[in-house]
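Here's the structure, in structure tokens; my notes come after.
The values are calculated or read from the model by the stated rules, or taken from the named source; none is laboratory data. Computed from a predicted model, the values in this text were never measured in an experiment. Positions of Cβ are generated from backbone atoms using ideal geometry, with glycine treated the same way; all protein chains shown enter the neighbour counts.
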Amino acid sequence: MDDIHLLYNNNLGLAFQWKYVNSEKQKKVQLVFRDTGLFLSIPQLVIFSNNIKTCKLSSQCTPCPSNSNCRSILIESPFKSVSFAMNQKEVEEIEDLVEGTLFQLNLDEYLSDLINK
């Protein structure tokens, strides 16, 4: 765990940055949830966040007895050919994971700017 910088985690997964020397890779975030790992740039992370919000607004899913096993909500990833099937709880958790990660990245950048002034 010494080679990563943990940004955010919750019950669904975690987000971190690799401690690379290469600054281009430093700007990317590794998002890990369920059996999936996505290596995303910040703009791709923002796209994923917007896709989650859009999905939540358009979802017609209602509470039902099989809700925990049903994965009828499809969330588009930043990659056009990949979508994730999730249930309502997972959608809430992936939104928290992505939003928490974006918040931490913005906070880190803000603090870095303050220190470097």
Are any residues in region 66-117 among the polar types (S, T, N, Q), free of Cβ contacts under 8 Å to residues at least 24 places away in the same chain and in a helix (DSSP H, G or I), and if so, which ones?
-> ASN106, SER112
Identify the residue in region 27-76 that is at pLDDT 95 or above and small (Gly, Ala, Ser) and, among all such residues, is farthest from LEU105 (Cα to Cα).
-> GLY37
